[in-house]
Amino acid sequence: MRVDVNSFVGAYPFRRVPGTSVQAVLQSMDRVAVDQAWISHLPSVFWRDPAEGNSWLYQITEGSERLRPVPAVHPGLKGWEEAIREARSRGVPAVRCDPTYYAIDSTGPEMLRLVQVCASENLALIMAVRLEDARQRHPNDRAPELAAASVRTLLRADPALRLLITHADRSFVEEVHFGSTPEESARIWWDICWIWGPPEDHLETLLRTVGVERFVFGTGQPLRLPDNSIAKLDLLTLSPEHRAGLESENALILSRSARTSKTRRVKA
Amino acid sequence: MLIDVHAHFLHDRSPRTDWRERNASRLRAGERVGITVHVASILGSWGATSPIYFPSPSDIEYGNNFLLALQREHAAGIRGYAVVNPNFQRHALGELTRCLDAGMVGIKLAASRRADDPLLDPICRMAAERGVPVLHHIWQHRRRDYPGQEASDAVELGALAARHPGVNFLLAHIGGGGDWIHSLAAIRSIPNVYVDLSGSGVDGGMLEACIQAVSVERLVWGCDLTIDSGWAKLRYLEHLLSASELDLIRWRNAARIFPPNAFPTD
């Protein structure tokens, strides 16, 4: 089984990207043998209220075994907790927040409140370091990239927070991992889409130094070719257990823990 | 047959203590992907004793010699670009003669001097005389000067290519960062500029845009620093193109623009 934790639907505002419709993403998943994708709504990353894309996201993923919604939360807008409650009730694998695109402080009081609520609700929080290479972004696409220091700060803000960081490169991963305690770094997962393969072998190095269990399969499609993340795995020498962990089981552990926690909370 | 037109190797005088591992990793990954020939360059000392993009004559000679040795050691699988710094004009022309006579198959110009500068003209005249292509490092849409290099963009390479219509130029790493849309627009109508698909960028829509801009006839495959992204592009192109179109990108275009007998099946 292959689970893509980093996938989008919907148009990108800064250049023409083919294959952004739901149908096209499903076809792409078929082509590269992705069984399940955690889907974010791409246009709303840039909206004043990104949560306004959530209803459509829920609609297109309703009853789907292959598409799981990752709703957006903007903690600077009044009533954002409702988006968390709805996400919780729908059993989503995670919620996402892109503070630099929302132009809020990545470690400000709003974000600190969000991580507390995500932690208390046992919802994983997805954050992207970037969506495109900084050198090619549209001149008016000026949101800063997420800083490694911000990730460390958020990780320390609540001992129950679980983070999934996408589009991080080797140096970013290392800066956060080795700048955190073992307990802290055990609560963070990384998608592999921006980590280089051979001959630099950044991914191979990180699997050895940071740990296979910390990485999940993500593609960033359709902004990026999903083939790249698969090629990276195919260029590694992995045991079947490690390959399964990277392709699905690590993500499913993250996803299942939210469901388990929900059951536990209900019983309590 | 699969030709990587944009490869690099490291050596013992580079700052990298892991240079052997990186070279071995490139060859190992190349075998896995099915790369028949790595057409490679070494940029001087890779910054150890002169800047990567402004290599000194002595560093250039050491790098080129190391690559010639690799080419001899891997006679079937490695070919070399002769690296020169156009600011050292006499040395550059002498080095080109030496390296091409020794079996190198192309010229690599990085970012020592802007692509449209007249200092590049004698080098391009030699490229024409010897029938070898010029792989030129490109910053896709250079909006300013960047530290450490006198980078060129596609407009500047286009000006050079227009002055030397008898030379084939490879616009380096369209996926190597920067605004590739700008580059494709700039070289669309310049028939002697080919687009090298290498670079870590695997943007959705980029390959379609390349095909639309210059057709499969002017695309060549490469990896540069990331073989995974090269393989990904190849896999995606398999889904976009017919086998015969894909063969143009995999090797046939390269075989056409490099000298006869540069590759095993020529």
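The values are calculated or read from the model by the stated rules, or taken from the named source; none is laboratory data. Quick caveat: nothing in here was measured; it's all calculated off a predicted structure. Here Cβ is always computed from backbone atoms with ideal geometry, including for glycine, and neighbour counts include all displayed protein chains.
Here is a yes/no grid of residues against (1) more than 14 Å from chain A (Cβ to nearest Cβ); (2) surrounded by fewer than 23 Cβ atoms within 10 Å (Cβ to Cβ); (3) in a helix (DSSP H, G or I); (4) within 17 Å of the chain's Cα centre (by Cα):
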| residue | (1), (2), (3), (4) |
| --- | --- |
| B:186 | yes, yes, yes, no |
| B:190 | yes, yes, no, no |
| B:222 | no, no, no, yes |
| B:230 | no, no, yes, yes |
| B:245 | yes, yes, yes, no |
| B:259 | yes, yes, no, yes |
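Take the residues in the range B:19-37 that are closer than 14 Å to residue B:66 by Cβ and more than 10 Å from chain A (Cβ to nearest Cβ); name whichever of them is surrounded by the most Cβ atoms within 10 Å (Cβ to Cβ).
Within the range B:19-37, the match that is surrounded by the most Cβ atoms within 10 Å (Cβ to Cβ) is B:19.
Could you list, in sequence order, all residues of the range B:143-166 that are within 14 Å of chain A (Cβ to nearest Cβ) and within 26 Å of residue B:126 (Cβ to Cβ)?
Passing the criteria: B:149, B:151, B:153, B:154.
So residue A:161 passes all but one of these: (1) more than 17 Å from the chain's Cα centre (by Cα); (2) of a type outside the set (Lys, Arg); (3) in a loop (DSSP other than H, G, I, E, B). Which condition number does it fail?
With (1) more than 17 Å from the chain's Cα centre (by Cα); (2) of a type outside the set (Lys, Arg); (3) in a loop (DSSP other than H, G, I, E, B) applied to residue A:161, the lone miss is (1).
Quickly run through the range B:198-236 and pick out the residues that are closer than 16 Å to residue A:32 by Cα and of a type in the set (A, V, I, L, M).
B:202, B:232, B:234
Which count do you get for residues in the range A:17-51 that are within 30 Å of residue A:77 (Cβ to Cβ) and within 14 Å of chain B (Cβ to nearest Cβ)?
5
If you check A:212, A:266, A:216, which single one turns out to be within 30 Å of residue A:121 (Cβ to Cβ), more than 14 Å from every other protein chain (Cβ to nearest Cβ), surrounded by fewer than 23 Cβ atoms within 10 Å (Cβ to Cβ) and at pLDDT 95 or above? Let's see the steps before the verdict.
Details: A:266 fails: at pLDDT 95 or above; A:216 fails: surrounded by fewer than 23 Cβ atoms within 10 Å (Cβ to Cβ).
Just a single option satisfies the conditions, and that option is A:212.
With respect to residue B:53, is the statement that it is modelled with pLDDT of 95 or more, out of contact with any helix residue (DSSP H, G or I) (no Cβ under 9 Å at 6 or more places or on another chain) and among the aromatic types (Phe, Trp, Tyr) true?
Yes, satisfied.
Just for the range A:220-246: of the residues that are more than 19 Å from the chain's Cα centre (by Cα) and within 7 Å of another protein chain (Cβ to nearest Cβ), which one is surrounded by the most Cβ atoms within 10 Å (Cβ to Cβ)?
A:231
Of all residues in the range B:1-25, count the ones that are under 16 Å from the mean Cα position of the chain (by Cα) and farther than 26 Å from residue B:112 by Cα.
First pass over the range B:1-25, keeping only residues under 16 Å from the mean Cα position of the chain (by Cα): B:2-10.
Next, from what is left, pick out any that are farther than 26 Å from residue B:112 by Cα: B:2-3.
Of the residues in that region, 2 qualify.
Considering A:129, A:151, which residue is in contact with a His (Cβ under 6 Å, 6 or more places away or on another chain) and either hydrophobic (A, V, I, L, M, F, W, C) or within 14 Å of chain B (Cβ to nearest Cβ) (or both)?
A:129
Among the residues of the range B:209-220, is there at least one that is part of a loop (DSSP other than H, G, I, E, B) and within 8 Å of chain A (Cβ to nearest Cβ)?
Within the range B:209-220, not a single residue is part of a loop (DSSP other than H, G, I, E, B) and within 8 Å of chain A (Cβ to nearest Cβ).
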